[in-house]
Amino acid sequence: MNVTATELNRRTIPSADFGRVTVFFGEKNGKYPDANQVIVRGSDTQAAFDTPVVANYIGPEFDRSDVVILGHVHEDHMAALHRLPNAPIHVHEADLAAAQSWEGLRAAYGSDESYVADMLARFQRDFFYVPRPDAIGYEDGAVWELGGSRVRAFHMPGHTAGHCVLLVEPEGVAFIGDIDLSGFGPYYGDASSSLADFRRTLARVADIPAKVWVTSHHRGVYTDREHFLRDLAAYTKTLDTREQRLVELLRESPKTPAQLVECRLLYPPGHQDLWVVDAETRSISAHLREMLGAGKVQVDESGVYRLG
């Protein structure tokens, strides 16, 4: 018997169904640079949540999507937008400029001029990157009626300024995006990121009325609330672990932010990539601002930090 390309793709890409919702799992359970693809099949409209690398290999089940709702804007969530040139692209208004142009995305990242050309080339090569100047902004609480199912947006910033959780009703499937509950912990290293917002988001996300939680990366799908809450608590605790790491580094000796960056907070010591220094600098600076406000550290006129 001949096997069509659609059948082959459907068999080789692991998936899980929850009523009208299908989750297609990216390579290694959606580990970056891939992610997990959510598709919602309403009786009137089919919606795709984000468009990761795996979406390029799903076939017609993805390509027939009528609308794309982006939970947030990063290169790995835009990797199959090129396959849907005529579909409306909806993105939270705080991430809208990042979806509409390369300059907007670059500004959201806060990328340094020294590597921006290399970063763009990598995104075009590895993520089929194309901007979408036609992208449409949405607000917190936005609802999309798909026929038999609806999607509701909950603004949950921190990872990006416009990061949202997308809840499918009545199925109760929450796509929590890059609140990915990974061992790495929360990422807030962009110019548009916020550690304070991420803390508030992590305190709120469990209140969303869901029965299933889908992450973009790593974990995939949770169907047990207790398991979800345990992993959410461990993920949240990473923020305290990072602060304690800074305390230990400053206990060794007073340091400038640049010296702390050399020690690394997010990544292993010595880890290099185009944006690592920028991401480390912004993340460390966010923690230092919190610690300074709490009286845990002091800073002198030379920009040297020491324990308070």
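Each reported figure results from applying straightforward, stated rules to the coordinates on display, with no laboratory input. Note that the coordinates shown come from a computational prediction; the quantities given were computed from them, not determined experimentally. Every residue, glycine among them, receives a Cβ derived from its backbone with ideal geometry; neighbour counts consider all protein chains shown.
Using the average count of surrounding beta-carbon atoms within 10 Å as a protection proxy, the listed peptides 193-200, 297-304, 205-212 rank, highest first, as 193-200, 205-212, 297-304. Normalising the average separation of contacting C-alpha pairs (under 8 angstrom, six or more residues apart) by the number of residues puts the relative contact order of the chain at 14 percent. A simple spin-label model places pseudo-atoms 7 Å from Cα toward Cβ; at E93 and D126 they are separated by 3.4 nm. Subtracting the Cα-Cα distance of D140 and S43 from their residue separation scaled by 0.36 nm leaves 32.5 nm. Backbone N atoms of region 250-268 closer than 18 Å to the 7 Å Cα→Cβ label point of V304 belong to residues 250-263. Quote the relative contact order of region 242-307 in percent (integer), defining contacts as alpha-carbon pairs under 8 Å separated by 6+ residues. This gives 41 percent for region 242-307. A crude spin-label estimate for the pair E290 and D112, with each label 7 Å from Cα along the Cβ direction, gives 2.5 nm. The gain in end-to-end length when the A233 to K31 segment is fully stretched comes to 70.7 nm, 0.36 nm per residue minus the alpha carbon separation.
Maximal additional length on extending the Q272-T241 stretch stands at 9.0 nm, based on 0.36 nm per residue less the C-alpha distance. In the chain, helical runs assigned H by DSSP with n ≥ 4 each contribute -39500 (n - 2.57); averaged across all residues and rounded to the nearest 500, the mean residue ellipticity at 222 nm is -10000 deg cm²/dmol. Cross-link partners for K296 among the lysines, with Cα-Cα distance under 27 Å and sequence neighbours closer than 8 places in the same chain left out: K237, K255. If the Kirkwood radius is taken over C-alpha pairs of region 5-223, then at 20 °C and 1.002 mPa s the Stokes-Einstein diffusion coefficient equals 125 µm²/s. Between F184 and N86, the distance separating the two model label sites (each 7 Å from Cα on the Cα→Cβ line) works out to 3.6 nm. DSSP beta bridges fully contained in region 5-223 are about 65 percent antiparallel. In the chain, the longest principal axis of the Cα atoms and the axis of helix 276-293 are about 60 degrees apart.
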